[in-house]
1. Counting protein heavy atoms only and a 1.4 angstrom probe, how many square angstrom of accessible surface do chains A and B bury in total, to the nearest 100?
2. How far is helix A:403-415 tilted, in degrees, relative to the longest principal axis of the Cα atoms in chain A, given as a value from 0 to 90 rounded to the nearest 10?
3. Which parts of segment A:15-30 would a label at residue A:87 reach, counting a residue when its backbone N lies under 17 Å from a point 7 Å out along Cα-to-Cβ?
4. Using the alpha-carbon atoms, what tilt in degrees (0 to 90, nearest 10) does helix B:162-174 show relative to the longest principal axis of chain B?
5. Tell me the carbon and sulfur percent of the accessible area for the protein assembly as shown, rounded to whole percent, probe radius 1.4 Å.
6. When only C-alpha pairs under 8 Å and at least 6 residues apart count, what is the relative contact order of chain B, in percent?
7. Using the heavy atoms of the protein chains and a 1.4 angstrom probe, tell me the accessible area per residue for segment B:348-429 in square angstrom.
8. Shortest first, in nm, what separates the label point of residue A:55 from those of the same position in the other copies (7 Å along Cα→Cβ)?
Protein chains: 2
Amino acid sequence: MNDKKVKVGLMGLGTVGTGVIRLVEGHRDDLTQQTGLQIEIAKVLVQNPGKERSISVQSDLMTTDPYNLLHDPEIDVIVEVMGGIDNTLEYILEALNQGKHVVTANKDLMAIHGSTILKKAAEKNCDVFYEASVAGGIPILRALVEGFSSDRITKMMGIVNGTTNYILTKMSQEGASYEDVLKEAQALGYAEADPTSDVGGLDAARKMSILSTLGFRAGVNLEDVSCKGITGVTSEDIDYGKKLGYVMKLIGIAQQNDELIDVSVEPTLVKQSHPLASVNGVFNEVYVYGEAVGETMFYGPGAGELPTATAVVSDLVTVVKNIKLGVNGRGMVAPYKVKKLKTDEEILGKYFIRLIVDDKSGVLSQVTKTLADHDVSLEQVMQQPYNNGSKAELIMVTHTSSKKSILSILKQLEESDYVNEVKSFYRVEGGE
Amino acid sequence: MNDKKVKVGLMGLGTVGTGVIRLVEGHRDDLTQQTGLQIEIAKVLVQNPGKERSISVQSDLMTTDPYNLLHDPEIDVIVEVMGGIDNTLEYILEALNQGKHVVTANKDLMAIHGSTILKKAAEKNCDVFYEASVAGGIPILRALVEGFSSDRITKMMGIVNGTTNYILTKMSQEGASYEDVLKEAQALGYAEADPTSDVGGLDAARKMSILSTLGFRAGVNLEDVSCKGITGVTSEDIDYGKKLGYVMKLIGIAQQNDELIDVSVEPTLVKQSHPLASVNGVFNEVYVYGEAVGETMFYGPGAGELPTATAVVSDLVTVVKNIKLGVNGRGMVAPYKVKKLKTDEEILGKYFIRLIVDDKSGVLSQVTKTLADHDVSLEQVMQQPYNNGSKAELIMVTHTSSKKSILSILKQLEESDYVNEVKSFYRVEGGE
């Protein structure tokens, strides 16, 4: 029973690839017991075979040519942990064309080309699994697809990017500026040399598009996700948030009501008492709300060599079990719902607004009248002197209102003669 | 593709059974889309067909004879949500004998007879799924079996019984006695008329035996779980715990180091800053630690009509998908590891100890010498007058030590002439 081997072509031997080899080798007996088959890493695609590595890999397994893996008829499964988008798409599609199953940790690829890849996989009766692409070691995709298959997901909300969470945590704890903390994070390896996709919110937006496609069973593309990064977050914003009882986090939210969807990633002030406010460093936490199940939550490491590798190798175990059963490529459910996005009028939320105004009588009344004209009322207001008292700073948290109202209020305030500057505005979450 | 129907025999139409019908009917289109087959509730076993119910069920579907379901050749799947052990075991085994797949929410049954049932299922190529048996709406069994298939679980720790959590939460918040809160919980329906299995810890122990069998891949039986309930917890214990920074919770812990296992359920003082300390009411929360993945956590409703029904119907969806693929009964992994339980010497922990002693000089020194003789040191000590100052009360939290040392210290203290009474001792969790 255990003599047939499943041969794996591993594309990429960076952090995650190293972890995959460690797990497949270190847990060999366990994996064989569970799958009934032996798993063998048959070839490894690397950029530089001569590079020093923290694990030893037989040099004759290594190759720099992806087609040595893709066109090897003995290889059953491609595990893609090299990253990248355009070339990688080509390789993955070729792997599927060759009848090979695919496990990938590549959220960029799946968020942009997921539907193309899954369509090709269905055509070729191949498995494609990508648990590691969202929230690293947390088995959240399985929970959405299988655990909640009987329910209707109404909301998913969480912290899904470790780099920005690390930066915001540090800024909040140390009162340091965004630029200083970013430099420190880069020096420590918590942020990439080019941090754009993390700090711009794109990485989180890609994950939210994957989560919403699976959770809502509708094809939510990356361009459907409204996305704002943390580059504009100042330590003043964080401080004022604190004074009002909030913590600044980069939060992804996907909501669905009455078949209307909105998905966004933006810096958000989270109520201090909400568990998301206490998620520090590189951990991820995702709340999932279902019509029937109510509130559930999943927490764990969002990245890292071994946590991410557990998700990759657990997917590999599923592929190997399917090979054993002869049922690859038939377990997936393509999104079958028609996606309808909410308009700004239909998107509801609370907002934090920070203004610089002239310090003279009547201004507060004019500002609040502008809000009232749009039917927006306030939950909290705080005023204090600004610039040695020559101006005043006005910080407000609204009650729930439409995004459209807030945007037109901000426009009107910006154009008014009693407001000097709209310093910032943020979504607010986690209260009543 | 959608014309074949999968016929379900539903055993039990209480809270969960009602929820199952609501979900199967309310989400009919979704379930058909996902499985490619229609699901029909063909027969329902009830005790009293004439009873008023919150949903309408055609009277000709109802029967009081289980064999009307078990021997109906048209029924493909038995969904068992009636509870009970001995009779229910007989029915489930007969269902499997008849080649029917089984979904059950019955933790009592699975904790005691799980291995018999799974063996029969394997023999008959039938599916048996029981996600709803542990932690209601949280898909934790799937996470252990599939999400972490590539990892080695080292520890699972959590709150898995809502009734005792409700009672301890109330006692802690209101300073009320166990007896008073229990009566209130019974009146509100949060505790059963006979609360023994909840308050005695048995319900939680059954769940921990299921979790450890799956997580450790070794057959952990109910009798392997060391179990202590909350009936002896006093409001004084809760108060002293609070003063030292702890919250009283009924905690299940399953640990595995060097292939040695210990599993227990007992009232435990949890550090106030640990998230488990803030889990209130009927919610469940389970931490899962893996060698590779590190710390993860799952949170959600532990009971309730619809949350539990989501788990049952999601299992049903898996069975129906397997029927469609023709692969029932082949996805499970029987426990393959040899279970070795830790001795008391190998079980390590911190402990809270509360003593009544004579209020005279030298007693504290004698008590601490007894501890030191067993190599146990203290993290916190608090002394205060007792019984109008005629005695003193001594409350201590130890550093990590073996359970064996603690038990022999307690015995020695009890027999000594300087200690009047060992009032209580509890495990302590969640600190460094």
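The values are calculated or read from the model by the stated rules, or taken from the named source; none is laboratory data. Bear in mind that the values here come from a model prediction, so they are computed numbers and not experimental data. Cβ coordinates were reconstructed from backbone atoms using ideal geometry, including for glycine residues, and neighbour counts include every protein chain displayed. Accessible surface areas use protein heavy atoms only, side chains included; no ligands, DNA or RNA. Shrake-Rupley method; radii C 1.70, N 1.55, O 1.52, S 1.80 Å.
1. Result for this pair: about 4100 Å² buried.
2. Helix A:403-415 and the main axis of chain A meet at about 50 degrees.
3. A:15, A:17
4. Helix B:162-174 sits at roughly 40 degrees to that axis.
5. With neighbouring chains kept in place, the figure for the protein assembly as shown is 47 percent.
6. 16
7. About 48 Å² of surface per residue is accessible.
8. 4.8
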